[in-house]
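The values are calculated or read from the model by the stated rules, or taken from the named source; none is laboratory data. Remember, predicted model here, so these are calculated numbers, not experimental data. Here the Cβ positions follow ideal geometry from the backbone for every residue, glycine too, while neighbour counts run over all protein chains shown. Accessible surface areas use protein heavy atoms only, side chains included; no ligands, DNA or RNA. Shrake-Rupley method; radii C 1.70, N 1.55, O 1.52, S 1.80 Å.
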Amino acid sequence: MLAEESPQLLRQQYSAESLEEVFLKLAVLQNMGKRRRSSIAKEVIDNVTVPAISNPALDLSDEQDNAEISGEFGDNISMTSAIPDPISTPAVSTLPVPPEEDVAVSFCNKEFMSSNHLHAIIWKNFLWMLRNKGTMLFIAGLPILQTFLFCYAIGHDPTGLKLAVANYEMNEEMISKQYCPSIVGCNQTQLSCRYLDMLVRNRSMVMIFTHTDDEATDLVRQGKAWGTLTIANNFTESLTDRIESGRYVDDGTLDASELKLRLDMSDQQIATLLFRDLVDTYYSFVDHQLSDCDINPGVARIPVIYQEPIYGAIIPSFNDFVAPGIILTIIFFLSVAITTGAMLLERNEGMLERSLVAGITGPEILFSLLVTQFTVMFSQCVFALLVVFYFFNTTLTGSIWSVLTMCILSGLCGMSYGFVISCAVNTERTATYVAMGSFLPNVMLCGIIWPVEGMYPLLRIISKIMPLTKPVESLRSILQRGWGLNEPTVYYGFITITTWSVVFLIMSILLLKFKKG
């Protein structure tokens, strides 16, 4: 296009091995004799040897005095006079290159962020959101769906648990009808049925009455029940005699007044809940029985009294324990997902490179994405907290503003981590692997589903520096204990997650600046 000749002839004329070398020499010929501001261009031209071959396509003799050529970095360089054909004029005197100005570079005279740049790229990001309404509605509604699933599926006591009961106080007719009559008031008639009735009504258990212990055990072995309960045929008389005789009761009476329980311990959570319900119901049963007979219930109680707890409820809820960690985890990793997707979308579609070539800086790109993604993340935080606290009435003792601030900081930390992932990897698949690979360590090591005190000592040290460990403890103290920012446990969480956000942002800027490709 420059010389209008065949490739073979051009390589022969200019003694070149490739067309790239021919193009360089043609470009040097075209720019000879023109006033250049760039010292870099001058050094390149001086090192290139061009043959004395006249080329009509490169004849610049007809150029006007005020003609302009494109210089380095898009500058328009005016020529003071028309330039003759560089081939026909053997010696061409070039004007001296203007000296480079030594300007002291400082943060004050170097514009770190341009308001025009920020306005343009922020508006570009918002336009993408407006044009993809379905995607944005899904992203905004995803934490609501996940919060609903968590609140409905996690933390509730299991119901409908089957218990095989071999009650020898029941006759054949009662067993066949699966019914044990309960008589209230001060009486000593089939106290076992009164206890079982309270157990069913208070704890929603399902009783399966059997004839023998072996039959009840077979049901557990077949997976049809979670445990067996054996009651002696003289349980009522033995229990009454045990309470009245006290220290003088014989061993046979003690043995007959006991409830013999065998559980399926393969599921620790269900077995623990069954044992808790059986014991608590027994205490309530004895209290009611003695109160109806005008006897002090303290006679049959163990000498340990559970008073009003300092924090929390007498019957703790697993939902209250795990809710802070689940909330922060949902917000954190959803922020990771949306930020990584937005950044990789710009990279893969070439928008990031075009922005950098146009003069947009790395901090401007990160700040614009922070602004746009922050609006999405903030809506996710608000919706998730509304579902947790106002729809499901999760325990909230402290300030809701402290909870919201912690959730926002968790979202910002997740966004910063998403920037690191998107800047470090090149494809969505790799980013997905990194995000999924970091999800389980955060869940297992941050005290979300199990206390940190129960970990291996080495893992406990690693857990302390994880991004969500201290924030989870902080949010748990706000929700359950009502603590404020004046408590170390609370403000340590805020300091930790803010520090991680700054570290991730710095890593993102460095990766944008130095990572090749």
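Distance cut-off 26 Å, Cα to Cα: go down the list 124/513; 470/513; 177/224; 25/515 and report the pairs above it. Checking Cα-Cα distances, 470/513; 25/515 exceed 26 Å. Surface composition of the range 162-299: carbon and sulfur make up 49 percent of the accessible area, probe 1.4 Å. Extension gain, residue 404-residue 261: 0.36 nm per intervening residue step, less the Cα-Cα distance, totals 46.8 nm. Directionally averaged projected area (the range 281-431, Cα convex hull): 13.9 nm².
Post the alpha-carbon centroid distance, the range 157-233 to the range 441-470, in whole angstrom. What the calculation gives is 42 Å, centre to centre. For the listed peptides 196-208, 391-403, a ranking on the average number of other beta carbons within 10 Å per residue, highest first, reads 196-208, 391-403. Projecting the Cα atoms of 503, 482, 440 onto the charge dipole of the range 380-517 (Cβ charges, centred on the Cα centre) puts 503 farthest toward the positive pole.
Rolling a 1.4 Å probe over the protein heavy atoms gives the range 162-299 an accessible area of 54 Å² per residue. In this Cβ point-charge picture (+1 for Lys and Arg, -1 for Asp and Glu), the range 201-308 has a dipole of about 360 debye about its Cα centre. Here the alpha carbons of the range 382-517 define both size measures, Rg and Dmax, at 16.5, 51 Å. The solvent-accessible area of residue 19, taken with every protein chain present and a 1.4 Å probe, is close to 90 Å². Projecting the Cα atoms of 166, 230, 219 onto the charge dipole of the range 162-299, computed from C-beta unit charges around the Cα centre, puts 219 farthest toward the positive end. For the peptides 413-422, 332-341, the ranking by packing is 413-422, 332-341, with the highest mean count of neighbouring Cβ atoms within 10 Å listed first. Taking amide H atoms as placed 1.01 Å from N in the peptide plane, the amide H of residue 227 lies under 5 Å from those of 164, 264, each 5 or more residues away in sequence or on another chain. Taking the charge dipole of the range 107-214 about its Cα centre, with +1 at Lys and Arg Cβ atoms and -1 at Asp and Glu Cβ atoms, the residue from 207, 149, 132 reaching farthest to the positive side is 132.
For the range 162-299, what does the relative contact order come out to in percent, with C-alpha contacts under 8 Å and a separation of six or more? Once divided by the residue count of the range 162-299, the mean separation gives 30 percent.
Rounded to the nearest Hz, the phi-derived 3J(HN,Hα) couplings of the range 215-220 under the Karplus curve 6.51 cos²θ - 1.76 cosθ + 1.60 (θ = phi - 60°) are 5, 5, 5, 4, 4, 5, where x marks glycine and proline.
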